[in-house]
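One structure below.
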Amino acid sequence: MTDKRSIVIKIGSALLANQDLLTPRFGFLQRLLEDVARLRADGWSVILCSSGSVALGLKIVGETPETAGVSDKQAAAACGMPLLLNAYKQVGHEYGFEIAQILLTLGDFEDHRRFLNTRNTVHRLLEAGVVPIVNENDSITTEQIRVGDNDRLAAKVAQMVGASDLIILTGVDGLYDRNPDDPEAQFVPEVEDVGLYMDATKGKSTLGTGGMATKLQAANMAQEAGVVTWIAQGEVDRPLSTVLSGERRSTKVLANPNPLSGWDSWIANRLQMAGSLVISDEAAKMLGADDRPITRSQIVSMDGDFTRGDVLHIYDQAGTELARGLSDFTSEELRVLTVNPDTPAEQLLGYRSKGEVVRFNNLVMLQSHHLQWDAPSSMVYEVAPPDEDSPLRNA
């Protein structure tokens, strides 16, 4: 259920760190946290998703945004996080509130138990009147196991806590229908279907890891969970309250009026793809129409190395993503099942199973405005009887 008094604020690196000196921008922090105090006085619970640790630590490790590699950025994050938190703490105390740090990784969102544990921690901090400051744990993450950008991280946090609003503060005043450097670019004040504008979102900031594309992806994840997203310029007085009051220009991405449940939203809104299935055209026509699961006989091809409980992306044979759902099998078990279609599942697996790949109650059909993921180019595993000498035959 959406909490009408919770709001998530995402702040980009370019707002928090001086691009030349790579030091905290205390003037911006004063304006930001003064407005946070204003919202708290009005009864809002506020969560900050803050970039900036890598940028603030680069000078300490002797690197620049242009020269830093993966290990440099990991070390810079370790050095910069104390600087970032100290800046927040100093300014926050001026306005009478405490802060807390929560460092997350991809697994904290993709594993449901860790997702719930994180949510409980955030709610407990809010109950105590503490402002949580959430960031990805950049000092230990690599490209393969990271969220990748704090826009989508903020959207996942908003989904997690059931917030009503997500404000993404950035260096521009919102979304344009094309590159804003184009003199014919038109400002877009309100968005219902973000997919209509994805082609217009190119480029990213020097210090940040994402551009307008990641902001729209984040907004789409938020709107499917019933959260309104605002994309706005951060370099103003009262950067938050003026957005909520409509006193200045920003782009508002409307919430879905019929949002997914918390469980369905967790399944449908992924940060990375664990695995994927292509099902037959006949199965695709019936998908979601009744209480039938996805079975091994319906699978045409599959991709990825996944474990039981991972979320799979479900495609038709034309490559259109239809749904997402929890796998009842590991990828290796599923390969054994699909290439031995006439052998009972119990005989192949060594334990009793109905052979349902995705149960109906763990399947979520994608709604019309939900951004789809392209089918993996590596999806070449065709389900067909293996050679007689294959280890998969009657495995």
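Every number here is computed from the coordinates shown, using simple stated rules; none is lab data. Since the structure is predicted, the reported quantities are computational estimates derived from the model, not experimental observations. Because the Cβ atoms are built from the backbone with ideal geometry, glycine has one as well, and the counts that use them run over all protein chains shown.
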task = Return the Cα extents of region 274-382 along principal axes one, two and three, sorted largest first, each rounded to a whole Å.
result = 42, 31, 24
ask   = At a Förster radius of 22 Å, what calculated FRET efficiency corresponds to the Cβ-Cβ distance of residue 67 and residue 235, to the nearest 0.05?
value = 0.25
query = Can you give the alpha-carbon Rg of region 1-141 over 2.2 N^0.38 Å, where N counts its residues?
reply = 1.08
message = Relative contact order of the chain, please, whole-number percent, based on alpha carbon pairs below 8 angstrom and at least 6 residues apart.
response = 14 percent
inquiry  = Give me the extension gain from residue 40 to residue 95: residue separation times 0.36 nm, minus the current Cα-Cα distance, reported in nm with one decimal.
reply    = 18.8 nm
ask   = In nm, to one decimal, how far is the residue 60 label point from the residue 291 one, both placed 7 Å along Cα→Cβ?
value = 5.7 nm
key: When each of 59/156; 59/215; 73/215; 89/156; 10/89; 10/252 is checked by Cα-Cα distance, pairs over 19 Å   = 59/156; 59/215; 73/215; 89/156
remark   = Net charge near residue 260 (other residues with Cβ under 14 Å of its Cβ; Lys, Arg +1; Asp, Glu -1) is +1
note = With x for Gly and Pro, the residue-by-residue ³J(HN,Hα) of region 340-351, computed from phi through the Karplus equation 6.51 cos²θ - 1.76 cosθ + 1.60 at θ = phi - 60° and given in whole Hz, is 10, x, 9, 8, x, 4, 4, 5, 6, 9, x, 8
inquiry  = Within 10 Å, Cβ to Cβ, of residue 373, how many net charges do the neighbouring residues add up to if Lys/Arg are +1 and Asp/Glu are -1?
reply    = 0
message = Once each part is reduced to its C-alpha centroid, what is the distance from region 309-346 to region 351-373 in angstrom?
response = 10 Å
key: Table column - 3J(HN,Hα) (Hz), region 125-133, Karplus curve with 6.51, -1.76, 1.60, x for Gly and Pro   = 5, 5, 4, 7, x, 8, 8, x, 10
key: Given charges at Cβ of Lys, Arg, Asp, Glu: the chain dipole, positive-most of 327, 167, 293   = 167
inquiry  = Report the gain in length on full extension from residue 130 to residue 359: 0.36 nm times residue separation, minus Cα-Cα distance, nm rounded to one decimal.
reply    = 78.4 nm
query = Residue separation times 0.36 nm, minus the C-alpha to C-alpha distance between residue 249 and residue 18: what's the value?
reply = 80.7 nm
message = Rounded to the nearest 20 debye, what is the charge dipole size of the chain about its Cα centre when +1 sits on each Lys and Arg Cβ and -1 on each Asp and Glu Cβ?
response = 1340 debye
Debye log10 I(q)/I(0) at q = 0.16 Å⁻¹ for region 277-336, Cα point scatterers = -0.45
key: CD proxy at 222 nm, helix term only [per DSSP H run n ≥ 4: -39500 (n - 2.57); per residue of the chain; nearest 500]   = -9500 deg cm²/dmol
message = I need the shape label for the chain. Rule: rounded when a/c is under 1.5, else prolate if a/b > b/c, else oblate, with a, b, c from the alpha carbon gyration tensor.
response = prolate
